[in-house]
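Participant: This is the structure I want to talk about, given as structure tokens.
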Amino acid sequence: MWTELFALISFLIALVIFLQPTYLPRLIDFLLGQTPPGPFSWPLVGARNIDSDKPWKTFTQWGERYGGAVSFFLGTEFVVVLTDIKAIRAALHSPSFDGRPLTPIGRTLNKNLGIGLTDGPAWPPQRKFAAATLRSAIGSGHPSTAYGKYSQIAVQDFLEAFAKTADQPFFVRPLIERAIVTSLSSIVHEGQLTPDDPHFPRLMEAYQSFFSASLTTNLLNIMPWLKYVPPHREKYSLLKAAVYDMAQFARDAIAEKRKVELSEAVDGTAVDFVDAFRRELENADRHPSFTEEQLTITAAELLMAGSEDSTNVLLWTVLFTALYPDDQRRIQDLLDRVVGRNRGVSLTDRKALGLVDAFIAETIRFSNAVPHPLPRRAMEDTVCLGFKIPAGTVLITNTYSVHFSEELWDEPFMFRPERFLDKEGNFCPNQNILAFGMGRRICIGEQFAKMEMFMLLASVLQRFQISLPEGMERPDPAKTSDGINLTPKPFQIRCSPR
Ligand code: HEM
């Protein structure tokens, strides 16, 4: 029996070495202490005792024990978790860590196209192009621009939907989703998605399947071979169908836009992403990565990444207005002083309404909504913080240990929006917020998301009082539905006209 067991283990080790030749050299480096310190990792299995519901808690404890960079194996994959701000800054600003893990979604389903899940020669020109296009499509957000116009439509629709709830308890998520996706569509493919669009439910269904399978996504990002193993295989099929639906929606939207001549569509006005890309396709000197398929995948990705993350953060923000009524009242007093009640909120009010941005920033910190910004991959053998980091290492940022660090924040476990205000009440951003990532792959939609969240939150609080319905259980922000993002468990609110 021992001989057979020994033969089986030898066979498995030989198989792993054959399939993943980097495993053994990394294991040796790890055992010799060349790589960052970390917990014991069982051969082929990797580190045990990771809290599967709240891995960031385990990573925070490891950070306290081993330091700002902790290494271990997950299965045969070598992983470094960054837990303190110095280690995170050092790594995420380095071109050596520009890569993304070789995920089945990025590499197989998206065919290595798009921006967020790829790397290599196509990523720099595609990221630069998309970031510049979004910046110019958003512009000042003035109502004369496409984005300004749709943002107003989205705000109006949002307020009407709130008013229709007539003081009755309701789930706010679908309302937020509609508003965000409407505005986002104006900068991705203007005119293709309005709040009453019949395609809306189909798209939301695809997003829902995508994110309901997202715990699997987190694991697949690190151990892609899991896609062949039940129950991940079934979840992977769900993901595949959702990715297909999103791409099909983008294809249809692009085809609709093609019905309008490009010169008419862009004539002197702000250009959305699809039209800017169409124009680039006609440029003879374009980078070879500008292709039809790249356009489809990126348009689908921008709409999906942008809407899910922004919806989730705004959902947290609305929940916190109900949980912290004193802060809500202070925002409303400020709105009354700055905007009054006779006109709508506009982006030009933003500077004088610093408390609204401070409330959103504190929500982002306190909710831990993005526990691990998209992982990175070491593109080459490198040295970071004095340790060897082999090419192919997966890097995970642990937001929780930074957002709740006693060294970085005064009373980090208290919800206190004022920590983001100066003495005059101006909003002061803080560089230790990691929800949008950091460095060379920082989110390209950050400014849009913050603008949109400001507009929707300020507009709704100007008109309505948000509260928790009497007799219902008080939502506990520590209890979340976990996936790529942390989402509050479904909750209802009540809103009463002010
Ligand atoms: C509250 C809203 C949002 C959050 C919390 C968020 C968060 C993130 C994070 C954590 C990353 C990874 C950064 C890194 O690797 O360092 C990212 C990347 C990205 N985000 Fe966002 N995002 C939001 C909104 C948006 C919006 C509105 C868009 C599009 C309009 C967008 C498009 C992207 C893209 C394309 C990338 C990939 C960048 C790259 O890999 O080079 N995001 N986002």
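Derivation of every value follows stated rules applied to the coordinates shown; laboratory data play no part. Please read all numbers here as calculations on a predicted model, not as lab measurements. Cβ: placed from backbone, ideal geometry, glycine included. Neighbour counts: every protein chain shown.
Participant: Counting pairs of alpha carbon atoms under 8 Å apart in space and at least six apart in sequence, what relative contact order in percent does segment 1-158 give?
Facilitator: So the answer I get is 12 percent.
Participant: If you don't mind, another one. Could you tell me the distance between the Cα centroids of segment 319-375 and segment 177-209, to the nearest Å?
Facilitator: 24 Å
Participant: In addition: Could you tell me the distance between the Cα centroids of segment 81-132 and segment 417-442, to the nearest Å?
Facilitator: For segment 81-132 versus segment 417-442, the Cα centre distance is 23 Å.
Participant: Could you work out [θ]222 nm for the chain from helices alone, using -39500 (n - 2.57) per DSSP H run of at least four and dividing by all its residues? Round to the nearest 500 deg cm²/dmol. Mind dumping the intermediate values first?
Facilitator: Numbers: 17 runs with 244 residues, N = 498.
Computed mean residue ellipticity for the chain: -16000 deg cm²/dmol.
Participant: Which value, in debye to the nearest 20, describes the size of the charge dipole of the chain about its Cα centre when Lys and Arg Cβ atoms bear +1, Asp and Glu Cβ atoms bear -1, and nothing else is charged? Walk me through the intermediate numbers first.
Facilitator: Details: 52 positive and 56 negative charges, 64 e Å.
Charge dipole of the chain: 300 debye, to the nearest 20.
Participant: Quickly rank 343-355, 151-163 as a protection proxy: mean count of other C-beta atoms within 10 Å, highest first.
Facilitator: In decreasing order of mean packing, 343-355, 151-163 become 151-163, 343-355.
Participant: Here's another thing I want to ask about it. Please give me, ordered by residue number, the trypsin sites (Lys or Arg not before Pro) of segment 40-91 that lie in loop per DSSP and have at most 14 other Cβ atoms within 10 Å. Display every interim value, and only then the final one.
Facilitator: On the way: sites: 48, 57, 65, 86, 89; in loops: 48.
Within segment 40-91, the qualifying trypsin sites (Lys or Arg not before Pro) (loop, at most 14 other Cβ atoms within 10 Å) are 48.
Participant: Please get the size of the charge dipole for segment 343-498, origin at its Cα centre, with Cβ charges of +1 on Lys and Arg and -1 on Asp and Glu, quoted in debye to the nearest 20.
Facilitator: Numbers: 19 positive and 18 negative charges, 98 e Å.
With only Lys, Arg, Asp and Glu charged at Cβ, the dipole is about 480 debye.
Participant: Checking the table 54/86; 128/240; 54/479; 86/450; 57/479 against a 19 Å threshold on Cα-Cα, which pairs fail?
Facilitator: Too far apart for the 19 Å limit: 54/86; 128/240; 86/450.
Participant: Before anything else, pin down the relative contact order of the chain: Cα pairs under 8 Å, at least 6 apart, normalised by residue count, whole percent.
Facilitator: For the chain, the relative contact order is 21 percent.
Participant: Could I ask something else about it? Using only the alpha-carbon atoms of the chain as identical scatterers, what base-10 log of I(q)/I(0) does the Debye formula give at q = 0.08 Å⁻¹?
Facilitator: Results for the chain at q = 0.08 Å⁻¹ read -0.52.
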